[in-house]
Amino acid sequence: MPSLPRVITVDPTQNISRIIRSATDLLGLSIIQVDAPSGADALEELRHSDANLMVTSWELDDDMQGLILALEVKKIAPETSVLILANEDDPETVDEETEGEAPFVYLRRPVDVHQLLRVFVAGLKNENIIEAARPVAGNATSVIDHGPLPPLNLQNARTIIKQMLVDVGAMAIILSARNGEVLLEDGAPGYLDRELLTKALIPTVMTTIEMSPLVGGQAQTIHFYDGDDKDVFVLSVGLHHFMCVVYDGQAGSRQFGSITRYGRRAAQDLIALLGASAFLIQPGETPKPAAVTHTTASKRKAATNEVEKVELELAVKPDMPVEEPEHVKLDPIQNFDLGLFDQLMDSSAADDMFDIDRLAEMVNTGTGRKEISFDEAIELGVLPNLDGEGKK
(Lines give C-alpha, C1' and ligand atoms only; values in the text may rest on other atoms or scores of the structure.)
Protein backbone atom coordinates (compact mmCIF):
# COMPACT_ATOMS: atom_id res chain seq x y z
CA MET A 1 0.00 0.00 0.00
CA PRO A 2 1.25 3.58 -0.66
CA SER A 3 2.46 5.80 2.13
CA LEU A 4 -0.49 8.15 1.62
CA PRO A 5 -3.95 6.53 1.52
CA ARG A 6 -5.13 6.12 -2.07
CA VAL A 7 -8.80 6.44 -2.99
CA ILE A 8 -10.45 5.71 -6.35
CA THR A 9 -13.86 7.26 -7.04
CA VAL A 10 -16.12 5.93 -9.80
CA ASP A 11 -19.03 8.18 -10.78
CA PRO A 12 -19.93 9.56 -14.20
CA THR A 13 -21.57 12.61 -12.57
CA GLN A 14 -18.50 13.41 -10.42
CA ASN A 15 -20.75 13.89 -7.37
CA ILE A 16 -18.94 11.22 -5.37
CA SER A 17 -15.62 12.85 -6.20
CA ARG A 18 -16.79 16.11 -4.64
CA ILE A 19 -18.19 14.29 -1.57
CA ILE A 20 -14.88 12.52 -0.93
CA ARG A 21 -12.89 15.75 -1.34
CA SER A 22 -15.22 17.51 1.10
CA ALA A 23 -14.87 14.68 3.63
CA THR A 24 -11.09 14.83 3.27
CA ASP A 25 -11.05 18.58 3.88
CA LEU A 26 -13.45 18.23 6.79
CA LEU A 27 -11.23 15.66 8.51
CA GLY A 28 -8.01 17.44 7.60
CA LEU A 29 -6.52 14.36 5.91
CA SER A 30 -4.03 14.00 3.09
CA ILE A 31 -4.86 11.37 0.48
CA ILE A 32 -4.23 10.49 -3.15
CA GLN A 33 -7.55 10.63 -4.98
CA VAL A 34 -8.07 9.24 -8.47
CA ASP A 35 -11.38 9.90 -10.26
CA ALA A 36 -12.35 7.22 -12.80
CA PRO A 37 -15.25 7.92 -15.18
CA SER A 38 -16.23 4.26 -15.61
CA GLY A 39 -15.91 0.87 -14.00
CA ALA A 40 -13.48 -0.39 -16.63
CA ASP A 41 -11.20 2.59 -16.05
CA ALA A 42 -11.34 1.99 -12.29
CA LEU A 43 -10.30 -1.65 -12.68
CA GLU A 44 -7.49 -0.68 -15.02
CA GLU A 45 -6.26 1.90 -12.51
CA LEU A 46 -6.42 -0.68 -9.73
CA ARG A 47 -4.33 -3.15 -11.76
CA HIS A 48 -1.53 -0.60 -12.13
CA SER A 49 -1.56 0.67 -8.55
CA ASP A 50 -3.13 -0.52 -5.32
CA ALA A 51 -5.75 1.51 -3.47
CA ASN A 52 -7.02 1.59 0.09
CA LEU A 53 -10.61 2.44 -0.78
CA MET A 54 -12.86 2.55 -3.83
CA VAL A 55 -16.07 4.60 -3.69
CA THR A 56 -18.49 3.98 -6.54
CA SER A 57 -22.03 4.85 -7.47
CA TRP A 58 -24.71 2.22 -8.01
CA GLU A 59 -25.43 3.03 -11.64
CA LEU A 60 -22.54 3.52 -14.11
CA ASP A 61 -22.64 4.61 -17.75
CA ASP A 62 -21.12 1.43 -19.10
CA ASP A 63 -22.57 -2.03 -18.88
CA MET A 64 -20.94 -2.62 -15.48
CA GLN A 65 -23.07 -1.92 -12.39
CA GLY A 66 -21.66 -0.81 -9.05
CA LEU A 67 -22.39 -4.22 -7.53
CA ILE A 68 -20.49 -6.02 -10.30
CA LEU A 69 -17.61 -3.56 -9.98
CA ALA A 70 -17.37 -4.23 -6.24
CA LEU A 71 -17.16 -7.98 -6.81
CA GLU A 72 -14.51 -7.55 -9.52
CA VAL A 73 -12.44 -5.34 -7.23
CA LYS A 74 -12.39 -8.07 -4.58
CA LYS A 75 -11.04 -10.50 -7.16
CA ILE A 76 -8.23 -8.19 -8.28
CA ALA A 77 -7.34 -6.57 -4.94
CA PRO A 78 -8.96 -8.32 -1.93
CA GLU A 79 -7.42 -5.81 0.50
CA THR A 80 -9.15 -2.85 -1.15
CA SER A 81 -12.34 -1.76 0.62
CA VAL A 82 -15.37 -0.90 -1.51
CA LEU A 83 -18.12 1.59 -0.64
CA ILE A 84 -21.19 1.85 -2.88
CA LEU A 85 -22.77 5.28 -2.42
CA ALA A 86 -26.18 5.11 -4.11
CA ASN A 87 -28.57 7.89 -5.09
CA GLU A 88 -32.09 8.47 -3.76
CA ASP A 89 -33.73 6.65 -6.69
CA ASP A 90 -31.50 3.59 -6.28
CA PRO A 91 -32.56 0.53 -4.25
CA GLU A 92 -32.81 1.11 -0.52
CA THR A 93 -30.79 -2.02 0.16
CA VAL A 94 -29.18 -4.69 -1.97
CA ASP A 95 -30.70 -8.15 -2.21
CA GLU A 96 -30.76 -10.04 1.09
CA GLU A 97 -28.69 -12.93 -0.23
CA THR A 98 -26.02 -10.60 -1.58
CA GLU A 99 -25.99 -8.39 1.50
CA GLY A 100 -25.40 -11.36 3.79
CA GLU A 101 -22.12 -12.20 2.07
CA ALA A 102 -21.36 -8.79 0.56
CA PRO A 103 -17.69 -7.75 0.80
CA PHE A 104 -18.65 -4.08 0.56
CA VAL A 105 -20.74 -1.40 2.28
CA TYR A 106 -23.90 -0.08 0.63
CA LEU A 107 -25.19 3.37 1.64
CA ARG A 108 -28.00 5.27 -0.02
CA ARG A 109 -28.23 9.04 0.05
CA PRO A 110 -29.16 10.92 2.10
CA VAL A 111 -26.81 9.13 4.46
CA ASP A 112 -25.86 9.60 8.07
CA VAL A 113 -22.81 11.86 7.94
CA HIS A 114 -21.22 10.20 10.97
CA GLN A 115 -21.73 6.76 9.47
CA LEU A 116 -20.21 7.86 6.14
CA LEU A 117 -17.17 9.38 7.87
CA ARG A 118 -16.65 6.25 9.97
CA VAL A 119 -16.65 4.06 6.86
CA PHE A 120 -14.39 6.49 5.00
CA VAL A 121 -11.77 6.64 7.78
CA ALA A 122 -11.89 2.85 8.29
CA GLY A 123 -11.25 2.33 4.58
CA LEU A 124 -8.25 4.67 4.62
CA LYS A 125 -6.80 2.77 7.59
CA ASN A 126 -7.44 -0.67 6.03
CA GLU A 127 -9.87 -1.50 8.83
CA ASN A 128 -13.17 -3.37 8.63
CA ILE A 129 -15.58 -0.96 6.97
CA ILE A 130 -18.52 -3.32 7.53
CA GLU A 131 -18.06 -3.01 11.28
CA ALA A 132 -17.65 0.75 10.95
CA ALA A 133 -20.96 1.01 9.06
CA ARG A 134 -22.93 -0.51 11.91
CA PRO A 135 -24.80 2.00 14.08
CA VAL A 136 -23.12 3.01 17.29
CA ALA A 137 -25.18 2.45 20.41
CA GLY A 138 -26.26 5.76 21.87
CA ASN A 139 -24.37 6.76 24.98
CA ALA A 140 -27.29 8.74 26.38
CA THR A 141 -28.74 5.63 27.99
CA SER A 142 -26.71 4.47 30.92
CA VAL A 143 -25.92 0.77 31.03
CA ILE A 144 -27.34 -0.90 34.13
CA ASP A 145 -25.95 -4.21 35.26
CA HIS A 146 -28.83 -6.58 36.00
CA GLY A 147 -26.57 -9.55 36.55
CA PRO A 148 -26.23 -12.78 34.58
CA LEU A 149 -29.07 -14.29 32.60
CA PRO A 150 -30.80 -17.21 34.31
CA PRO A 151 -30.26 -20.57 32.56
CA LEU A 152 -33.08 -21.83 30.36
CA ASN A 153 -33.63 -25.37 29.11
CA LEU A 154 -33.91 -24.64 25.38
CA GLN A 155 -35.13 -28.12 24.49
CA ASN A 156 -38.15 -27.85 26.77
CA ALA A 157 -38.66 -24.23 25.76
CA ARG A 158 -38.75 -25.22 22.09
CA THR A 159 -41.61 -27.62 22.80
CA ILE A 160 -43.59 -24.82 24.42
CA ILE A 161 -42.91 -22.44 21.52
CA LYS A 162 -43.99 -25.01 18.92
CA GLN A 163 -47.26 -25.67 20.73
CA MET A 164 -47.93 -21.96 21.07
CA LEU A 165 -47.31 -21.43 17.35
CA VAL A 166 -50.05 -23.95 16.61
CA ASP A 167 -52.45 -22.46 19.19
CA VAL A 168 -52.19 -18.83 18.09
CA GLY A 169 -51.71 -19.43 14.35
CA ALA A 170 -48.86 -16.93 13.98
CA MET A 171 -46.32 -16.59 11.18
CA ALA A 172 -43.38 -16.84 13.56
CA ILE A 173 -42.44 -16.75 17.23
CA ILE A 174 -39.06 -15.48 18.43
CA LEU A 175 -37.76 -15.96 21.98
CA SER A 176 -35.03 -13.52 22.97
CA ALA A 177 -33.10 -12.46 26.06
CA ARG A 178 -32.65 -8.95 27.43
CA ASN A 179 -29.07 -8.82 26.14
CA GLY A 180 -30.35 -8.94 22.54
CA GLU A 181 -29.57 -12.60 21.92
CA VAL A 182 -32.10 -14.63 19.92
CA LEU A 183 -32.52 -17.94 21.76
CA LEU A 184 -35.25 -19.71 19.79
CA GLU A 185 -37.35 -19.12 16.70
CA ASP A 186 -40.09 -21.10 15.03
CA GLY A 187 -42.27 -20.60 11.99
CA ALA A 188 -41.08 -18.29 9.21
CA PRO A 189 -39.06 -15.54 10.91
CA GLY A 190 -37.17 -14.76 7.69
CA TYR A 191 -39.82 -12.21 6.73
CA LEU A 192 -38.57 -9.97 9.54
CA ASP A 193 -35.06 -9.02 10.67
CA ARG A 194 -35.12 -10.82 14.02
CA GLU A 195 -31.84 -9.32 15.30
CA LEU A 196 -33.00 -5.80 14.54
CA LEU A 197 -36.40 -6.54 16.07
CA THR A 198 -34.82 -7.87 19.25
CA LYS A 199 -32.50 -4.89 19.67
CA ALA A 200 -35.37 -2.47 19.10
CA LEU A 201 -37.38 -4.13 21.91
CA ILE A 202 -34.61 -4.15 24.53
CA PRO A 203 -35.72 -0.77 26.00
CA THR A 204 -39.18 -2.30 26.50
CA VAL A 205 -37.66 -5.10 28.57
CA MET A 206 -35.72 -2.59 30.65
CA THR A 207 -38.93 -0.64 31.23
CA THR A 208 -40.57 -3.80 32.59
CA ILE A 209 -37.69 -4.23 35.05
CA GLU A 210 -38.03 -0.64 36.22
CA MET A 211 -41.83 -0.84 36.50
CA SER A 212 -41.85 -4.04 38.57
CA PRO A 213 -41.11 -2.40 41.94
CA LEU A 214 -43.68 0.31 41.18
CA VAL A 215 -46.61 -1.99 40.44
CA GLY A 216 -45.50 -4.69 42.87
CA GLY A 217 -45.39 -8.42 42.46
CA GLN A 218 -44.23 -10.22 39.34
CA ALA A 219 -45.03 -7.78 36.54
CA GLN A 220 -46.01 -9.17 33.13
CA THR A 221 -46.63 -7.16 29.96
CA ILE A 222 -48.17 -7.56 26.50
CA HIS A 223 -47.34 -5.01 23.78
CA PHE A 224 -48.91 -4.80 20.34
CA TYR A 225 -47.40 -3.12 17.29
CA ASP A 226 -49.89 -2.71 14.45
CA GLY A 227 -48.20 -2.24 11.06
CA ASP A 228 -49.23 -2.38 7.44
CA ASP A 229 -46.98 -5.32 6.59
CA LYS A 230 -46.50 -7.03 9.97
CA ASP A 231 -48.23 -7.09 13.34
CA VAL A 232 -46.11 -7.98 16.35
CA PHE A 233 -47.15 -8.99 19.87
CA VAL A 234 -44.45 -8.82 22.55
CA LEU A 235 -44.94 -10.86 25.74
CA SER A 236 -42.61 -10.63 28.69
CA VAL A 237 -41.24 -13.88 30.11
CA GLY A 238 -40.14 -12.89 33.57
CA LEU A 239 -37.70 -9.99 33.68
CA HIS A 240 -34.98 -11.44 31.47
CA HIS A 241 -36.73 -12.86 28.37
CA PHE A 242 -39.50 -11.92 25.97
CA MET A 243 -41.41 -13.46 23.05
CA CYS A 244 -42.23 -11.80 19.74
CA VAL A 245 -45.31 -13.21 18.00
CA VAL A 246 -45.40 -12.10 14.35
CA TYR A 247 -48.58 -11.95 12.23
CA ASP A 248 -49.44 -10.68 8.79
CA GLY A 249 -50.36 -7.00 8.82
CA GLN A 250 -54.05 -7.76 8.27
CA ALA A 251 -54.48 -10.52 10.87
CA GLY A 252 -52.77 -9.36 14.05
CA SER A 253 -55.51 -7.06 15.30
CA ARG A 254 -57.91 -10.02 15.49
CA GLN A 255 -55.63 -12.16 17.65
CA PHE A 256 -55.91 -10.46 21.04
CA GLY A 257 -58.04 -13.25 22.43
CA SER A 258 -55.72 -16.08 21.43
CA ILE A 259 -52.64 -14.15 22.57
CA THR A 260 -54.22 -13.40 25.93
CA ARG A 261 -55.18 -17.04 26.43
CA TYR A 262 -52.49 -19.15 24.79
CA GLY A 263 -49.70 -16.60 24.77
CA ARG A 264 -49.90 -15.91 28.49
CA ARG A 265 -50.12 -19.63 29.19
CA ALA A 266 -46.95 -20.25 27.18
CA ALA A 267 -45.22 -17.40 29.00
CA GLN A 268 -46.20 -18.97 32.33
CA ASP A 269 -44.81 -22.33 31.19
CA LEU A 270 -41.50 -20.70 30.26
CA ILE A 271 -41.41 -18.91 33.61
CA ALA A 272 -41.92 -22.28 35.30
CA LEU A 273 -38.82 -23.55 33.48
CA LEU A 274 -36.81 -20.59 34.76
CA GLY A 275 -38.08 -20.93 38.30
CA ALA A 276 -37.59 -18.15 40.83
CA SER A 277 -34.70 -16.74 38.80
CA ALA A 278 -37.19 -15.46 36.20
CA PHE A 279 -37.94 -12.46 38.44
CA LEU A 280 -34.64 -12.30 40.30
CA ILE A 281 -32.25 -9.42 39.68
CA GLN A 282 -28.67 -10.03 40.79
CA PRO A 283 -26.60 -6.97 39.83
CA GLY A 284 -22.84 -7.36 39.89
CA GLU A 285 -21.14 -6.18 43.03
CA THR A 286 -19.10 -3.05 42.53
CA PRO A 287 -16.61 -1.85 45.12
CA LYS A 288 -18.05 0.99 47.09
CA PRO A 289 -15.90 4.08 47.46
CA ALA A 290 -14.63 4.84 50.90
CA ALA A 291 -17.12 6.99 52.74
CA VAL A 292 -15.90 10.49 53.51
CA THR A 293 -17.09 11.52 56.94
CA HIS A 294 -17.60 15.18 57.70
CA THR A 295 -17.19 15.85 61.40
CA THR A 296 -19.21 18.75 62.71
CA ALA A 297 -18.12 21.01 65.53
CA SER A 298 -20.51 19.38 68.01
CA LYS A 299 -19.23 15.91 67.08
CA ARG A 300 -15.64 17.05 67.40
CA LYS A 301 -16.43 18.52 70.82
CA ALA A 302 -18.13 15.34 71.97
CA ALA A 303 -15.21 13.30 70.76
CA THR A 304 -12.76 15.59 72.54
CA ASN A 305 -14.70 15.41 75.79
CA GLU A 306 -14.80 11.67 75.57
CA VAL A 307 -11.05 11.47 75.09
CA GLU A 308 -10.42 13.88 77.92
CA LYS A 309 -12.67 11.85 80.19
CA VAL A 310 -10.74 8.74 79.42
CA GLU A 311 -7.47 10.52 80.05
CA LEU A 312 -8.70 11.75 83.47
CA GLU A 313 -9.81 8.31 84.44
CA LEU A 314 -6.44 6.97 83.50
CA ALA A 315 -4.66 9.77 85.36
CA VAL A 316 -6.13 8.90 88.75
CA LYS A 317 -5.10 5.31 88.41
CA PRO A 318 -1.56 4.79 89.70
CA ASP A 319 0.90 2.93 87.58
CA MET A 320 1.93 0.83 90.60
CA PRO A 321 -0.54 -0.82 92.96
CA VAL A 322 -0.81 0.90 96.37
CA GLU A 323 -0.71 -1.40 99.36
CA GLU A 324 -3.32 -1.02 102.07
CA PRO A 325 -1.90 0.42 105.37
CA GLU A 326 -1.40 -2.15 108.10
CA HIS A 327 -3.32 -1.66 111.34
CA VAL A 328 -1.10 -1.43 114.39
CA LYS A 329 -1.92 -4.16 116.83
CA LEU A 330 -0.92 -3.52 120.47
CA ASP A 331 -0.09 -6.28 122.77
CA PRO A 332 -2.70 -6.83 125.48
CA ILE A 333 -1.87 -5.57 129.02
CA GLN A 334 -1.55 -8.41 131.35
CA ASN A 335 -3.37 -8.18 134.77
CA PHE A 336 -5.10 -4.84 133.91
CA ASP A 337 -6.88 -3.40 137.04
CA LEU A 338 -10.16 -1.67 136.16
CA GLY A 339 -10.33 -0.20 139.68
CA LEU A 340 -7.96 2.52 138.56
CA PHE A 341 -10.91 4.42 137.03
CA ASP A 342 -12.76 4.39 140.39
CA GLN A 343 -9.94 6.34 141.97
CA LEU A 344 -10.25 9.20 139.45
CA MET A 345 -13.94 9.99 140.13
CA ASP A 346 -16.59 9.71 142.88
CA SER A 347 -18.55 6.62 142.04
CA SER A 348 -21.38 7.64 144.38
CA ALA A 349 -22.31 10.47 141.96
CA ALA A 350 -23.18 7.85 139.44
CA ASP A 351 -25.87 6.51 141.76
CA ASP A 352 -27.52 9.94 141.94
CA MET A 353 -28.29 9.72 138.19
CA PHE A 354 -31.02 7.22 139.00
CA ASP A 355 -32.61 9.21 142.00
CA ILE A 356 -35.43 11.59 140.87
CA ASP A 357 -35.40 13.81 143.99
CA ARG A 358 -31.68 14.13 143.90
CA LEU A 359 -31.79 15.11 140.20
CA ALA A 360 -34.33 17.92 140.91
CA GLU A 361 -32.18 19.26 143.72
CA MET A 362 -29.12 19.21 141.48
CA VAL A 363 -30.99 21.17 138.78
CA ASN A 364 -32.22 23.87 141.17
CA THR A 365 -28.85 24.15 142.84
CA GLY A 366 -26.80 24.14 139.67
CA THR A 367 -28.70 26.93 137.89
CA GLY A 368 -28.55 29.43 140.79
CA ARG A 369 -31.88 30.98 139.78
CA LYS A 370 -34.54 32.33 142.17
CA GLU A 371 -38.23 33.21 141.91
CA ILE A 372 -39.34 36.81 140.99
CA SER A 373 -42.66 38.61 141.45
CA PHE A 374 -45.05 39.80 138.75
CA ASP A 375 -44.04 43.40 139.13
CA GLU A 376 -40.37 42.50 138.92
CA ALA A 377 -41.02 40.63 135.73
CA ILE A 378 -42.67 43.77 134.27
CA GLU A 379 -39.78 45.96 135.39
CA LEU A 380 -37.27 43.55 133.89
CA GLY A 381 -39.20 43.63 130.61
CA VAL A 382 -39.97 39.96 130.71
CA LEU A 383 -43.76 40.68 130.72
CA PRO A 384 -45.49 43.59 128.90
CA ASN A 385 -47.03 46.50 130.86
CA LEU A 386 -50.73 46.29 130.07
CA ASP A 387 -51.64 49.54 131.96
CA GLY A 388 -49.20 51.62 129.89
CA GLU A 389 -47.16 52.56 132.98
CA GLY A 390 -45.15 50.33 135.22
CA LYS A 391 -45.82 50.11 138.94
CA LYS A 392 -43.28 51.65 141.21
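The values are calculated or read from the model by the stated rules, or taken from the named source; none is laboratory data. Note that this is a predicted model, so its numbers are computed, not measured. When we count neighbours, we look across all protein chains shown, and the Cβ atoms used for this are built from the backbone with ideal geometry, even at glycine.
Selection over the stretch 207-223 of residues that are surrounded by 15 or more Cβ atoms within 10 Å (Cβ to Cβ) and out of contact with any strand residue (DSSP E or B) (no Cβ under 6 Å at 6 or more places or on another chain) gives a count of 3.
Among the residues of the stretch 148-200, which ones are part of a strand (DSSP E or B) and free of Cβ contacts under 8 Å to residues at least 40 places away in the same chain? Before you say what the answer is, go through the steps one by one.
Initial filter on the stretch 148-200 (part of a strand (DSSP E or B)): 172-177, 182-187.
Once the filter is applied, which keeps residues that are part of a strand (DSSP E or B) and free of Cβ contacts under 8 Å to residues at least 40 places away in the same chain, the stretch 148-200 yields Val182, Leu184, Glu185, Asp186.
Set side by side, the residues Thr221, Thr207 differ, and just one is free of Cβ contacts under 8 Å to residues at least 12 places away in the same chain, of a type in the set (S, T, N, Q) and at negative phi, which is Thr207.
Within the stretch 155-172, none of the residues are more than 16 Å from Ala267 (Cβ to Cβ), of a type in the set (Val, Ile, Thr) and surrounded by 13 or more Cβ atoms within 10 Å (Cβ to Cβ).
Here are Glu96, Glu79, Glu59, Glu92: which of them is of a type in the set (D, E, K, R), surrounded by fewer than 22 Cβ atoms within 10 Å (Cβ to Cβ) and at pLDDT 90 or above? Spell out the reasoning first.
Numbers: Glu96 fails: at pLDDT 90 or above; Glu59 fails: at pLDDT 90 or above; Glu92 fails: at pLDDT 90 or above.
The unique qualifying residue is Glu79.
Of all residues in the stretch 36-53, those that are among the acidic types (Asp, Glu) have Cβ atoms under 9 Å from Cβ atoms of residues that are part of a loop (DSSP other than H, G, I, E, B) and surrounded by 15 or more Cβ atoms within 10 Å (Cβ to Cβ), 6 or more apart or on another chain, in Glu45/Ala51; Asp50/Ala77; Asp50/Thr80.
Quick one: is Ala188 surrounded by fewer than 16 Cβ atoms within 10 Å (Cβ to Cβ) and over 32 Å from the mean Cα position of the chain (by Cα)?
For Ala188, the condition - surrounded by fewer than 16 Cβ atoms within 10 Å (Cβ to Cβ) and over 32 Å from the mean Cα position of the chain (by Cα) - is met.
In the set Ala122, Ala51, which member is surrounded by 18 or more Cβ atoms within 10 Å (Cβ to Cβ) and touching a Lys or Arg at 6+ places or on another chain (Cβ under 6 Å)? Talk me through it step by step, then tell me what you get.
Numbers: Ala122 fails: touching a Lys or Arg at 6+ places or on another chain (Cβ under 6 Å).
Only one candidate passes the filter, namely Ala51.
Of the residues making up the stretch 105-119, those that are surrounded by fewer than 17 Cβ atoms within 10 Å (Cβ to Cβ) and of a type in the set (Val, Ile, Thr) are Val111, Val113.
When the stretch 252-277 is filtered for residues that are in contact with a strand residue (DSSP E or B) (Cβ under 7 Å, 6 or more places away or on another chain), surrounded by 17 or more Cβ atoms within 10 Å (Cβ to Cβ) and assigned to a helix (DSSP H, G or I), the ones remaining, listed by number, are Gly252, Ile259, Gly263, Ala267, Leu270, Ile271. Put simply, of Asp11, Asp25 the only residue that is among the charged types (D, E, K, R) and over 48 Å from the mean Cα position of the chain (by Cα) is Asp11.
Mind checking which residues of the stretch 205-241 are part of a helix (DSSP H, G or I) and over 17 Å from Pro150 (Cβ atoms)? Within the stretch 205-241, Thr207, Glu210, Met211, Pro213, Leu214, Val215 meet the criteria.
Which of the residues spanning the stretch 27-37 are at pLDDT below 90 and assigned to a loop (DSSP other than H, G, I, E, B)?
From the stretch 27-37, those at pLDDT below 90 are 27-29, 37; that's our starting set.
Gly28, Leu29, Pro37, listed by residue number.
Name the pairs whose Cβ atoms lie under 9 Å apart, with the first residue in the stretch 244-271 and over 21 Å from Leu149 (Cα atoms), the second among the polar types (S, T, N, Q) and in a helix (DSSP H, G or I), and 6 or more positions between them or separate chains? From residues that are over 21 Å from Leu149 (Cα atoms), the pairs are Tyr247/Ser253; Tyr262/Gln163.
The set of residues from the stretch 47-96 being in a loop (DSSP other than H, G, I, E, B) and touching a Ser or Thr at 6+ places or on another chain (Cβ under 9 Å) comprises Asp50, Ala51, Asn52, Ser57, Leu60, Asp61, Asp62, Met64, Asn87, Asp90.
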